[in-house]
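Asks: Quick one: structure below, then a few questions.
The values are calculated or read from the model by the stated rules, or taken from the named source; none is laboratory data. Just so it is clear, the model here is predicted, and its values are computed rather than measured. Here the Cβ positions follow ideal geometry from the backbone for every residue, glycine too, while neighbour counts run over all protein chains shown. The protein model used for the area step is the full one, side chains on, heavy atoms only, and it has no ligands, DNA or RNA in it. Shrake-Rupley method; radii C 1.70, N 1.55, O 1.52, S 1.80 Å.
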Amino acid sequence: MGKKAMGLGIGLAEILRDHSANIAEKVSDVTKISLRLIDANPFQPRKHFDQVALQELAESIKLQGILQPILLRKHAGRYQIVSGERRVRAARIAGLEEIEARVFDLLSDKKMAEWAIIENIQREDLDPIETAASYQKLIESHGYTHEDLATRLSKSRAAITNSMRLLNLPEQVRTWIAEGKLSAGAARSLLSPNISDPVKAAKNIIDNNLSVRDAENLAKKPASSGLPRQALKSAVSPDMQKFLNALQGAFGTKVECKSSPKNPQKGTLIITYNSYEDLTRIQQAVNAV
């Protein structure tokens, strides 16, 4: 899908066709808008723009112009970018004063946020952390559920949940993921209850160029906690670990088991949550049983 939508504006054009039956907002014919009146998309999930690539696009614009009009919406007497932020930035670098655009008179925040994310995902422009943060924003600010996103983005519900789990990692680990130093697959293994120090474990994966499978094997090893070897073995037996993994997969969050030292048949299950969205997801998983 990403390769198909690499042309300027193609991704959102497909989105508009897909949603045409549900769009109440009307878009204008192509018109020229002053760049001084155009503001960034407040829902733009992409946080980093390659300056070298922008300069190259600016040079192309000087020679050939902008081949595809951008999309804007009217907002407080000005305009906000719906699609085409790279083209706007490059046009400014190229010294243009105005740009061709199609304008929505009315476009909801919810629809605008959804389109911004879908377009970037289609173009494969977002790093895993930007993608996860975008999902979270749609859920927390615009009332989407995991199922809604899965349907809208043509992804599995598990893919949405696993993506968002990355946001539970420490900031330094999230930075390494965003920078491409640590893959999302390897990073997810750091959410294992056996990993007591995710930052240290992530650095080990990066420094030793470990594969995702290596990282997963690392996460399966019980963390050192000062307990006697026999106590560790009884606390996390293979069957119990399999059960905990199943719970973590269903709930999309960390689950721990603390066995009674006097009676291994007794213990406490601890389900960690970091937001109301986590609680809602856990409730939905329980209701589905």
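Asks: Just subtract the alpha-carbon distance of Glu147 and Lys200 from 0.36 nm times their residue separation and send over the number in nm, one decimal. Write down the numbers at each step before the final one.
Replies: Values: separation 53, 0.36 × 53 = 19.08 nm, distance 3.42 nm.
Value of the extension gain: 15.7 nm.
Asks: Would you mind counting up the charge near Glu147? Only other residues with Cβ under 12 Å from its Cβ, with Lys and Arg at +1 and Asp and Glu at -1. Don't jump to the answer; show the numbers that get you there.
Replies: On the way: positive: Arg152, Lys155, Arg157, Arg281; negative: Asp148.
Every neighbour counted, the sum reads +3.
Asks: Full-extension gain between Lys258 and Ile270, please, as 0.36 nm times their residue separation minus the C-alpha to C-alpha distance.
Replies: On the way: separation 12, 0.36 × 12 = 4.32 nm, distance 0.79 nm.
Taking Lys258 through Ile270 to full extension adds about 3.5 nm, to one decimal.
Asks: For Arg92, what charge total do you get from the other residues with a beta carbon under 13 Å from its beta carbon, if Lys and Arg give +1 and Asp and Glu give -1?
Replies: Values: positive: Arg36, Lys62, Arg86, Arg87, Arg89; negative: Asp39, Glu85, Glu97, Glu98.
In short, +1.
Asks: What figure in square angstrom, to the nearest 10, would you give for the accessible area of Ser196 with a 1.4 Å probe?
Replies: 100 Å²
Asks: Something else: In nanometres, what is the gap between the two model label sites at Phe49 and Gln283, each 7 Å from Cα along Cα-to-Cβ?
Replies: Distance between the two pseudo-spin positions: 4.0 nm.
Asks: Under the 0.36 nm per residue contour assumption, what length would be gained going from the current alpha-carbon distance of Lys155 and Asp109 to full extension?
Replies: Working: separation 46, 0.36 × 46 = 16.56 nm, distance 2.25 nm.
Between Lys155 and Asp109, full extension yields 14.3 nm more.
Asks: With r defined as the distance between the Cβ atoms of Asp207 and Glu140 and R0 fixed at 30 Å, what FRET efficiency is calculated, to the nearest 0.05? Don't skip to the answer; put the middle values down first.
Replies: Working: r = 35 Å, r/R0 = 1.17.
Efficiency at R0 = 30 Å is approximately 0.30.
Asks: While we're looking at this one, here's another question. Distance check, please: which entries in Lys220/Lys242; Lys200/Lys254; Lys181/Lys242; Lys221/Lys254 exceed 22 angstrom between their Cα atoms? Before the final figure, lay out each step's value.
Replies: Details: Lys220/Lys242 11 Å; Lys200/Lys254 19 Å; Lys181/Lys242 30 Å; Lys221/Lys254 16 Å.
Distance filter (> 22 Å) returns Lys181/Lys242.
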